[in-house]
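These notes concern the structure reproduced below.
Just so it is clear, none of the values below were taken in a lab; they were calculated from the coordinates. A quick note: this is a predicted structure, and the numbers were derived from the prediction, not measured. Every residue, glycine among them, receives a Cβ derived from its backbone with ideal geometry; neighbour counts consider all protein chains shown.
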Amino acid sequence: MSKQINRVEHDGVITDISEEYISVEIVNKSACAACHAKGVCAASDESIKVIEIPLGLDTLACDYRIGDEVKVIMKGSLGLKAIWIAYVVPLIMLVASILVFSSLHLSEVAVGLGSIAVVAVYYLGVFIFRNKLSKIFTFYIEPK
């Protein structure tokens with residue numbers, strides 16, 4: 001039972017198999033996507049994402065075919081780490097930069113633009129190191 005709690009799973013379908021990756025298409029549903037009124041409700045949201053799973057000992061290309069239904073799995077601890085990188089650290093940087101720029105007695109426009117610039121530089125850094133981060137945030141698949 002603890003094995004299920006310590007991981008995040010999504011159902012998907014294999015769309016492509018290359019020499020390095022298996023591409024899996026998952027349907028990302030909002031919380032109300034299962035509602036019976038979703039057809040007439042503007043709040044329901046559903047998006048399709050393609051995840052590339054690197055081939056390795058855990059995922060051999062010979063074990064899978066295009067069109068196979070699989071489970072895409074990520075460690076639960078990596079989800080928490082992603083939340084920190086994407087939301088918590090930038091929020092802390094935004095609040096800290098607002099406090100620092102305000103203490104320098106800058107105008108509100110300068111404080112706002114400076115704080116946005118600090119967060120933009122942070123996200124630029126995340127973008128620049130995306131290849132390194134992609135090695136940390138790896139997915140694997142299991143047959144469904």
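Within the stretch 93-144, work out how many residues are closer than 30 Å to Glu52 by Cβ, of a type in the set (S, T, N, Q) and surrounded by 10 or more Cβ atoms within 10 Å (Cβ to Cβ).
Result for the stretch 93-144: 2.
Inspect all residues belonging to the stretch 122-140 and state whether any of them is of a type in the set (Gly, Ala, Ser), without any contact (Cβ under 8 Å) to a residue 40 or more places away in the chain and farther than 30 Å from Ile26 by Cβ.
no
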